[in-house]
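Colleague: Here you go, one structure.
The values are calculated or read from the model by the stated rules, or taken from the named source; none is laboratory data. Note that the structure is predicted; figures quoted are calculated from it, not measured. Every residue, glycine among them, receives a Cβ derived from its backbone with ideal geometry; neighbour counts consider all protein chains shown.
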Ligand code: MRU
């Protein structure tokens, strides 16, 4: 399985997603600040992968702490959690993972756990978050594959694959599971301007797996649907509000509206950790605005004239009414999402 992010004992190693597909190199993070920088600069990206990395970054930073008493250690822990929380605002998996690390810290500290005991507990918790994510993706894939007919032509947007998770993927997990069942699958991968996660990462993953892959520019999706060349859409998510509104990579909303117009099912595959019942609807989801340069340039080549203003919202919100179903590791939620998501999440996330 593709190693997206790995704990080595004294570092966190990540494949550098900015360089794929032309170069396969790995970045070694030796401090929590290295991990935070890697998340911010997109060495690693994708909601679940960001959460797993942040958890490992916290475990890494604290494992190297020189604190001798729990008071100083607790202060360092809080600072490291804040550092991770400040990296990217939209994917709720980041905050979910930090909360899990905080709970693990509190449990270990309760009853007078030593600094070394707390350190060990943080490492265990980050590894659990990693392993659970892979398991969730596989179960989600099995649920989602039931929605995929044989000979399906599937459109996906951005990269919701092994690279965006601890392994296997959410939307690409559904595609992988359907292919593993022997179904003949053909994927249309939106290139996903401006960071090109679809053209670079999704296509790279699928070609490696021997799955039939065609890259299209984002503005071709509507035409493909009108021609009858798309049987279903499956995408990932960065945050799903309590009412089923879905934040995902910018451009997802347009795909969902087009899918509705052409009677194409629009599925979202995401782990329970992506569901944010504290946020009532999509209006409450913070949307990250990224650097102008991602839009004005491709590599070192400038595309736009100096003086033209640029917008670069990295995500958009697809209203729940366009979402046919939400695939999770605990099963498939259907509208009305207010009830079905609350039932799936239950008391535990
Ligand atoms: O900006 P990115 O590349 O982190 O955005 C990633 C996405 O929007 C993915 O579709 C989402 O995180 C789901 S990944 C399983």
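Colleague: As an exercise: evaluate residue 178 against (1) in contact with a strand residue (DSSP E or B) (Cβ under 9 Å, 6 or more places away or on another chain); (2) touching a residue at least 12 places away in the same chain (Cβ under 8 Å); (3) assigned by TED's automatic domain parsing to the domain that holds residue 259; (4) within 15 Å of the ligand (Cβ to nearest atom) and give the number of the one condition it does not meet.
Modeller: Residue 178 satisfies every listed condition except (4).
Colleague: Do we have any residue at all in the stretch 142-152 that's within 12 Å of the ligand (Cβ to nearest atom), buried (at least 22 other Cβ atoms within 10 Å of the Cβ) and over 12 Å from the mean Cα position of the chain (by Cα)?
Modeller: No, there is no match, as no residue in the stretch 142-152 is within 12 Å of the ligand (Cβ to nearest atom), buried (at least 22 other Cβ atoms within 10 Å of the Cβ) and over 12 Å from the mean Cα position of the chain (by Cα).
Colleague: While we're looking at this one, here's another question. Look at the stretch 165-195 and say how many of its residues are more than 15 Å from the chain's Cα centre (by Cα) and at positive phi.
Modeller: Total satisfying the criteria: 1.
Colleague: Are there any pairs with C-beta distances below 7 angstrom linking a residue in the stretch 229-250 that is farther than 19 Å from residue 95 by Cα and assigned by TED's automatic domain parsing to the domain that holds residue 328 to a residue that is part of a loop (DSSP other than H, G, I, E, B) and within 8 Å of the ligand (Cβ to nearest atom), with the two at least 6 apart or on different chains, and if so which?
Modeller: Hits for this filter: 235/157; 235/158; 235/160; 250/314.
Colleague: I'd like to know if the stretch 183-203 contains one or more residues that are assigned to a helix (DSSP H, G or I), within 16 Å of the ligand (Cβ to nearest atom), touching a helix residue (DSSP H, G or I) at 6+ places or on another chain (Cβ under 6 Å) and in contact (Cβ under 8 Å) with a residue 60 or more places away in the chain.
Modeller: yes
Colleague: Looking at 92, 43, 12, 5, which one is modelled with pLDDT of 95 or more, within 15 Å of the ligand (Cβ to nearest atom), surrounded by 15 or more Cβ atoms within 10 Å (Cβ to Cβ) and under 22 Å from residue 124 (Cβ atoms)?
Modeller: On the way: 92 fails: under 22 Å from residue 124 (Cβ atoms); 43 fails: under 22 Å from residue 124 (Cβ atoms); 12 fails: within 15 Å of the ligand (Cβ to nearest atom).
The unique qualifying residue is 5.
Colleague: Which is surrounded by 16 or more Cβ atoms within 10 Å (Cβ to Cβ), over 20 Å from residue 265 (Cβ atoms) and outside the structural domain of residue 88 (by TED's automatic domain parsing), of 310, 323, 295, 317?
Modeller: Testing whether each residue is surrounded by 16 or more Cβ atoms within 10 Å (Cβ to Cβ), over 20 Å from residue 265 (Cβ atoms) and outside the structural domain of residue 88 (by TED's automatic domain parsing) leaves just 295.
Colleague: Now, a different point. Go through the stretch 153-167 and report how many residues are closer than 18 Å to residue 52 by Cβ and more than 9 Å from the ligand (Cβ to nearest atom).
Modeller: So the answer is 3.
Colleague: In the stretch 252-275, which residues are under 25 Å from residue 52 (Cα atoms) and surrounded by fewer than 24 Cβ atoms within 10 Å (Cβ to Cβ)?
Modeller: The answer is 267, 272.
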